[in-house]
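One structure is given here, and the rest of the page talks about it.
The values are calculated or read from the model by the stated rules, or taken from the named source; none is laboratory data. None of the values given here were measured: they were computed from a predicted structure. All Cβ positions, glycine included, derive from the backbone under ideal geometry; neighbour counts span all protein chains shown.
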Amino acid sequence: MKKLIAMLLAVVMVLGLAACGGNSAPAETQAPAAPAETKAAAEAPAETEAPAATGSVYWLNFKPESDEALKELAAMYTEKTGVEVKVETAASGTYNETLTAEMDKGKAAPTIFVVGNSAAVDTWGDYCLDLTGTDIANELNTDSYMLYDADGKLCSIGYCFECYGIIVNTALLEKAGYARDYITNFATLKEVAEDVHARAAELGFDAFASAGMDGSSSWRFTGHMINLEYYYESVDNPDAWKSCPAELTGAYMDNFRNLYDLMVVNSATDRATLAGGGFDAQAEFVEGKALFYPQGNWEWSGLQEKGMKAEDLTMIPYYSGVEGEENVGLCNGTENYWAVNAEASEEDIQASIAFMKWLVTDPEASEKAVATFGAMPYKSAATSTNPFLAISNEYSAQGKANMWWATNFQPNVDTYRAATVSALNTYNADPTDANWEQVVTAFIAGWAAQYQAING
């Protein structure tokens with residue numbers, strides 16, 4: 001394993017706001033709620049009245065967990081202005097297919113949609129209105145969340161930023177006999193997980209919630225946890241990650257295996273059944289059946305609604321045995337970027353921009369939006385109260401490096417991840433070294449193959 005010492009804190013990394021096939025490098029990494037942004041939000045004047053507008057709005061939403069809140073916001077805006085706002089939400093893991101189908105509907109196509117990386121810019125850039133100088137782009141308090149095409153057109157802008165890692169029920173951790181801050185690296189995580197799993201019957205809970213490999217859950221591992229492998233490669237060779245690398249070294253796949261095996265072995269769910277899916281990891285966690293739940297800050301509203309308290313929760317990084325990992329924090333970034341359909345009518349375009357501006361400037365609307373999104377990078381948006389984002393800021397304040405979202409560079413993402421899920425299912429059914437090599441091949445050789453498929 002390569003050594004991570006001062007380099008972790010000194011290297012200037014960038015957010016992975018682009019996927020393979022794009023031309024622009026990501027923006028500089030920052031934690032999800034910088035004090036300067038909070039100050040700007042506090043000082044900026046709030047928009048109290050939505051501007052009158054004609055036309056209508058159709059937002060094809062990317063985030064299933066925000067569906068209910070966004071529909072409530074749509075109804076609020078319609079009541080306030082008379083402008084019709086429709087929110088439709090793609091099922092988890094199906095956004096690309098849903099967007100393709102919806103864009104074929106001509107005048108009935110979405111007026112607001114998500115273009116979350118440079119691969120999406122390559123695909124949908126012709127449909128994207130240039131947002132430069134628009135009322136909504138002017139509300140941003142940072143230029144870190146902007147995606148441009150090769151000609152410099154501002155195709156999409158971030159509407160929220162997030163963090164992810166492993167959520168911990170600290171009340172259960174203490175019940176098992178460990179302090180809230182006991183886990184600081186893979187050795188201590190492994191110690192706790194194996195001990196809790198061995199005493200599950202006595203304690204009344206197991207270590208990890210289920211790690212289902214169906215479409216509703218597999219992205220937690222093939223699109224989130226695998227970030228630890230990419231991230232540490234980028235620390236070793238930052239120049240190679242200023243744009244999408246054509247190849248990976250796979251130097252940290254053993255570390256990914258360390259953490260993956262720890263999760264699927266120390267769980268109440270038999271790893272051989274994970275391929276079938278149908279599990280509810282959140283329910284297991286909420287009901288106190290599991291100590292650890294790999295997820296992101298977007299889970300907070302759902303956990304809170306189901307009775308969990310911030311003081312009983314924390315989030316820890318993806319500890320996997322890399323030397324120096326004590327100096328690394330959570331994964332921070334976004335793949336949530338608004339684009340406006342340039343082929344919509346002028347009335348619908350203006351209605352969409354007015355709605356977006358209202359969403360981030362109206363105090364009541366932005367408070368509701370921030371409650372579901374976690375944090376929004378806009379001058380007048382409500383300040384986030386999400387405890388997991390606060391924890392990410394604490395890691396940063398301690399001088400720990402942010403793990404930027406290198407997974408946003410995954411080439412030909414749907415095909416790439418499908419192959420990795422298949423390999424992990426084979427490995428879970430028969431966890432041999434030979435089958436693990438298939439996982440390595442899917443993640444590493446698969447990256448190079450998909451890169452070539454896109455770039456030639």
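Quick check on GLU367: is it out of contact with any helix residue (DSSP H, G or I) (no Cβ under 9 Å at 6 or more places or on another chain), acidic (Asp, Glu) and touching a residue at least 40 places away in the same chain (Cβ under 8 Å)?
So GLU367 does not fit the description; no.
Might you check whether a residue that is assigned to a strand (DSSP E or B) and under 25 Å from TYR395 (Cα atoms) occurs anywhere in segment 194-207?
yes
When you scan segment 145-184 for strands (runs of 3 or more DSSP E) that lie fully inside it, which ones turn up with 1 or more residues that are in contact with a strand residue (DSSP E or B) (Cβ under 6 Å, 6 or more places away or on another chain) and closer than 16 Å to GLY133 by Cα?
146-148, 154-158
State which residue pairs qualify: first residue buried (at least 20 other Cβ atoms within 10 Å of the Cβ) and inside segment 273-296, second residue basic (Lys, Arg) and modelled with pLDDT of 95 or more in any location, beta carbons under 6 Å apart, and separation of 6 or more residues or different chains.
That search, which allows pairs on different chains as well, returns VAL286/LYS306; PRO294/ARG220.
Given the conditions (1) crowded, with 22+ Cβ neighbours inside 10 Å; (2) on the phi > 0 side of the Ramachandran plot, report the number of the one that GLY329 does not fulfil.
Every listed condition holds for GLY329 apart from (2).
Anything in segment 314-334 that is assigned to a loop (DSSP other than H, G, I, E, B), under 21 Å from the mean Cα position of the chain (by Cα) and more than 12 Å from PRO294 (Cα to Cα)? List them, or say none.
SER320, THR334
Quickly run through segment 298-350 and pick out the residues that are of a type in the set (A, V, I, L, M, F, W, C), over 19 Å from TYR164 (Cα atoms) and touching a Ser or Thr at 6+ places or on another chain (Cβ under 9 Å).
The answer is TRP338, ALA339, VAL340, ALA344, ILE349.
Looking only at segment 70-77, decide whether some residue is closer than 23 Å to ALA382 by Cβ, modelled with pLDDT of 80 or more and part of a loop (DSSP other than H, G, I, E, B).
Scanning segment 70-77 turns up no residue that is closer than 23 Å to ALA382 by Cβ, modelled with pLDDT of 80 or more and part of a loop (DSSP other than H, G, I, E, B).
Test ALA200 against the stated conditions and say whether it is out of contact with any Leu (no Cβ under 9 Å at 6 or more places or on another chain), touching a residue at least 12 places away in the same chain (Cβ under 8 Å) and either crowded, with 18+ Cβ neighbours inside 10 Å or under 29 Å from TRP219 (Cβ atoms) (or both).
yes
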